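Only one structure is covered here, and it is reproduced in the block below.
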Amino acid sequence: MVYLMRFHQRFFYILAILLLAGSAYWYFSLTTHVPDQDSWRMPVVSVDEPITPLPLTLNLDPNKVALGKRLFNDPRLSADNTISCASCHDLERGGVDGRPRALGIGGAVGGINVPTVFNSGFNFRQFWDGRAASLEDQIDGPVQHPKEMGSTWPKVVENLKGDSAYQSDFKQIYPEGITPATIKDAIASFERSLYTPNSKFDRYLRGEKNSLDGEEVAGYHLFKEIGCIACHQGVNVGGNMYEKIGLVENYFEQRGNIEQVDLGRFNITKNEEHRYEFRVPSLRNVALTAPYFHDASAVDLKKAVAIMGKFQLGVDLKPDEIDRIVKFLNTLTGEYEGRSLSQAETTGHEK
Ligand code: HEC
Ligand code: HEC
């Protein structure tokens, strides 16, 4: 009831968000999603919920995945052979580096927080501002970015051609051998294998009601009731629409010191309506990927949830409400290769 009253003033915002979310959900459920070349088996879902479980299996070409894994971990993709994709996207740390800003070749500090690579194949676009349409296209970014890997495609191809094992392994899968396109294809295949099914929450959605305790369920209800679900929804609990950060209150005015990266989608479209718009991030495994937001302004989940309540929904969440939502968010940690991601670090998971 309290929420309904608080809602009243924000009615139009919420209505707008819900309409937007509904149409985005409808649109993207028709047009996008997941590896088009791979068929995927959906688990049985017992209830009609705005979040759906991740598939338990994906049909991916194991040879491409294995080749992509080697490339993902190979520093020869960088100009000075020091940085691999895994340097910034550490699979033992939730697919991120835990830093506020990325650290590239020669110690160069980047301009934006590293998002996870886990489940990135389920996002409708790549990057915070959505500027890459696919995982394949995304790879041009880090390889050539002067503050990331600082290389060029001719140099990467030449490096890899110097390795006879790569020469023959590429030939077995791709008749054309080592090219930018085949490198990207293999890496993207590996990235699609980085999905994390079987989180406690997904098991709950599949009908295992005991997989969540009362507080976690209450957190999920609150998440839906106050409207987080309008933006963070679908199979990736996000990743299927653009939204402004600071929808209800001006986030950047209060944070101060606006930089170019803060302009979000405006940088690409130059359309005023897209200023400060970002692709809504997935909240899967979010417990592992601090600090939060494109600007890493939230050091922990409590802070991130409070900011979201205030700036996206106009709600000042109480500490116990924040705790409950954080408990729910913690249930979104899934499994990679059959093991909970939260254990990956302590068990020394193979890279
Ligand atoms: C120096 C650190 C660094 C390296 C090296 C790096 N990345 Fe990233 N990655 C980032 C940052 C920072 C972003 C976000 C950039 C942005 O949104 O503008 C990102 C974004 C991504 C995304 C998009 C995720 C999303 O949710 O939008 C994917 C996928 C990705 N990287 C894969 C890779 C692959 C594959 C490689 C190796 C070819 C790689 N990265 C190398 C730092 C790095
Ligand atoms: C109007 C859409 C919208 C609503 C409603 C919304 N969010 Fe967000 N959320 C976003 C956007 C956009 C971002 C990325 C902002 C950025 O990085 O600057 C984000 C980021 C986050 C992050 C950080 C993720 C990361 O990887 O850094 C968390 C956690 C989060 N939201 C939780 C919530 C919770 C909890 C609620 C409800 C209290 C909520 N959100 C409501 C759009 C929304």
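The values are calculated or read from the model by the stated rules, or taken from the named source; none is laboratory data. Note that the structure is predicted; figures quoted are calculated from it, not measured. In this analysis, Cβ positions are derived from the backbone assuming ideal geometry, glycine residues included, and neighbour counts consider all displayed protein chains.
So the values come out like this:
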quantity	calculated
Residues located in region 239-293, provided they are more than 12 Å from the chain's Cα centre (by Cα) and of a type in the set (Val, Ile, Thr)	245, 248, 258, 261, 268, 269
Single residue of 247, 222 found to be touching an Asp or Glu at 6+ places or on another chain (Cβ under 7 Å), over 22 Å from residue 101 (Cα atoms) and either part of a loop (DSSP other than H, G, I, E, B) or modelled with pLDDT of 95 or more (or both)	222
Per-region count, region 256-265, residues outside any loop (DSSP other than H, G, I, E, B) and more than 10 Å from ligand 2 (Cβ to nearest atom)	2
Single residue of 198, 236 found to be under 30 Å from residue 77 (Cβ atoms), under 21 Å from the mean Cα position of the chain (by Cα) and either in a loop (DSSP other than H, G, I, E, B) or more than 16 Å from ligand 1 (Cβ to nearest atom) (or both)	236
Count of residues meeting criterion [of a type in the set (Val, Ile, Thr) and more than 12 Å from ligand 1 (Cβ to nearest atom)] in region 51-97	4
Test: residue in region 79-89 that is under 17 Å from residue 191 (Cα atoms), part of a loop (DSSP other than H, G, I, E, B) and within 16 Å of ligand 2 (Cβ to nearest atom)	yes
Extreme residue, surrounded by the fewest Cβ atoms within 10 Å (Cβ to Cβ), among residues of region 266-304 that are more than 28 Å from residue 216 (Cβ to Cβ) and near ligand 2 (Cβ under 10 Å from one of its atoms)	276
Those residues of region 98-125 which are without any contact (Cβ under 8 Å) to a residue 40 or more places away in the chain and within 7 Å of ligand 1 (Cβ to nearest atom), in sequence order	103, 110, 114
Filter result for residue 252 (within 13 Å of ligand 1 (Cβ to nearest atom), among the aromatic types (Phe, Trp, Tyr) and either within 21 Å of residue 129 (Cα to Cα) or surrounded by fewer than 23 Cβ atoms within 10 Å (Cβ to Cβ) (or both))	no
Residues located in region 117-164, provided they are within 16 Å of ligand 2 (Cβ to nearest atom), of a type in the set (Lys, Arg) and out of contact with any strand residue (DSSP E or B) (no Cβ under 8 Å at 6 or more places or on another chain)	131
Qualifying residue in region 184-199 (condition: more than 16 Å from ligand 2 (Cβ to nearest atom), charged (D, E, K, R) and in contact with a strand residue (DSSP E or B) (Cβ under 9 Å, 6 or more places away or on another chain))	yes
